[in-house]
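One structure is given here, and the rest of the page talks about it.
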Amino acid sequence: MIIDTHCHLDDARYNDDLDNVLENARQKGVKKFIIPGADPKSLERAVMISEQYGYVYFAVGVHSYDAENYDRNFLEKYISHPKCVAVGECGLDYYRLPEDEEKIEREKKLQKEVFIDQILLAKRYKKPLIVHIRESSSDCLELLETYTGDKGGVLHCYNADESLLKLAQYNFYYGIGGVLTFKNARKLINVYPKIPLEKLLIETDAPYLTPHPHRGERNEPSYTTLVAEKMAELSSLPQEEISKITTENAQRLFGI
């Protein structure tokens, strides 16, 4: 059994064949799915999907790219829903900052304010976090160490920054997806053995970051098996054992 802890099933690219996508994944041993909250405009669809399929769960959150659309009251409408298992994906992303210095500082300030508020929201409702970190490790580490509660969370699409490994002591897990199978993933491959087995999770980030050999295609939860295969190879463990360990980790973190 595998749990895909991060798949955007509310994305429009699944509108026409979601039944088939889920059934194909379940035939491959993927039994549960978590839809992260990234775009407020699709949250209601995520809730609807979770209500339609007993094995699908969702999180409430706003991605850093949509920080200007953040509305805590809107998220609180759904955070107590029985299928809501986390807050996020939230975090900091400095990859596409403006060129003007003043605009850069304004953007960083906004992202930090929205991230902090979602950390506190998770703390208030005793939910784990789903954290997005891109070219912002130092600031994210500081904010998580300062504000996070004891529920911890997952570093979605773990970026292989070794400084973030210290967050394991704050009950943070490390989401491993298709990037691990990329030919240019040397940094992640080198850091991977340093992640405690009890802190590993499997994810796809579908429809994005499709693993080899399907790069260029729409990603799907069924491809978690390719991620598990690569993780098993690097861990020197049977693939079934990696599936078991990561499933137990996901159940422990998200309560599913």
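The values are calculated or read from the model by the stated rules, or taken from the named source; none is laboratory data. What you see is a predicted model, and the numbers here were worked out from it, not measured in a lab. As a convention, Cβ positions derive from the backbone with ideal geometry for all residues, glycine included, and neighbour counts pool all protein chains shown. Surface areas here come from the heavy atoms of the whole protein model, side chains and all, with no ligands, DNA or RNA. Shrake-Rupley method; radii C 1.70, N 1.55, O 1.52, S 1.80 Å.
From the list Asn184, Asn190, Asn249, the lone residue that is polar (S, T, N, Q) and in contact (Cβ under 8 Å) with a residue 40 or more places away in the chain is Asn249.
With respect to the conditions (1) touching a helix residue (DSSP H, G or I) at 6+ places or on another chain (Cβ under 6 Å); (2) at pLDDT 95 or above; (3) within 27 Å of Tyr147 (Cα to Cα), Ser80 falls short on a single one, namely (1).
Are there any pairs with C-beta distances below 9 angstrom linking a residue in the stretch 24-36 that is touching a residue at least 12 places away in the same chain (Cβ under 8 Å) to a residue that is open to solvent by 60 Å² or more (accessible area, probe 1.4 Å) and among the basic types (Lys, Arg), with the two at least 6 apart or on different chains, and if so which? Short answer, once both residue conditions are applied: Ala25/Lys31; Ile35/Arg45. What residue, among those in the stretch 123-140 that are assigned to a loop (DSSP other than H, G, I, E, B) and surrounded by fewer than 21 Cβ atoms within 10 Å (Cβ to Cβ), is modelled with the highest pLDDT? The selected residue is Lys126. List every residue pair whose Cβ atoms sit under 7 Å apart, with the two residues 6 or more apart in sequence or on different chains, where the first one lies in the stretch 130-141 and is touching a residue at least 24 places away in the same chain (Cβ under 8 Å) and of a type in the set (Lys, Arg) and the second, anywhere, is in a loop (DSSP other than H, G, I, E, B) and open to solvent by 10 Å² or more (accessible area, probe 1.4 Å). Once the first residue is touching a residue at least 24 places away in the same chain (Cβ under 8 Å) and of a type in the set (Lys, Arg) and sits in the stretch 130-141, its partners that are in a loop (DSSP other than H, G, I, E, B) and open to solvent by 10 Å² or more (accessible area, probe 1.4 Å) give Arg134/Tyr94; Arg134/Tyr95; Arg134/Asn159.
Remark: pairs (first residue in the stretch 115-127, within 15 Å of Ser80 (Cα to Cα); second residue open to solvent by 40 Å² or more (accessible area, probe 1.4 Å); Cβ separation under 6 Å; 6+ apart in sequence or on different chains) = Lys126/Lys151. Applying the condition of being open to solvent by 20 Å² or more (accessible area, probe 1.4 Å) and acidic (Asp, Glu) to the stretch 3-17 and asking which residue is farthest from Lys32 (Cα to Cα) yields Asp16. Screening Glu23 against (1) open to solvent by 70 Å² or more (accessible area, probe 1.4 Å); (2) part of a loop (DSSP other than H, G, I, E, B); (3) of a type outside the set (Val, Ile, Thr) leaves a single unmet condition, (2). For beta carbons closer than 9 Å, sequence separation of 6+ or different chains, a first residue in the stretch 211-222 that is within 13 Å of Val30 (Cβ to Cβ) and a second that is open to solvent by 70 Å² or more (accessible area, probe 1.4 Å) and of a type in the set (Lys, Arg), the qualifying pairs are Pro221/Lys28; Ser222/Lys28. For the stretch 226-251, the set of residues classified as under 17 Å from the mean Cα position of the chain (by Cα) and open to solvent by 20 Å² or more (accessible area, probe 1.4 Å) consists of Glu248, Gln251, listed by residue number.
Pairs meeting the criteria (first residue in the stretch 87-110 and under 19 Å from Glu142 (Cα atoms), second residue outside any helix (DSSP H, G or I) and acidic (Asp, Glu), beta carbons under 6 Å, at least 6 apart or on different chains) are Tyr94/Glu135; Tyr95/Glu135. Against the conditions (1) out of contact with any helix residue (DSSP H, G or I) (no Cβ under 7 Å at 6 or more places or on another chain); (2) open to solvent by 70 Å² or more (accessible area, probe 1.4 Å), Phe254 satisfies every one except (2). Taking the stretch 144-160, which residues are modelled with pLDDT of 95 or more and buried (at least 18 other Cβ atoms within 10 Å of the Cβ)? Passing the criteria: Leu144, Lys151, Gly152, Gly153, Val154, Leu155, His156, Cys157, Tyr158, Asn159, Ala160.
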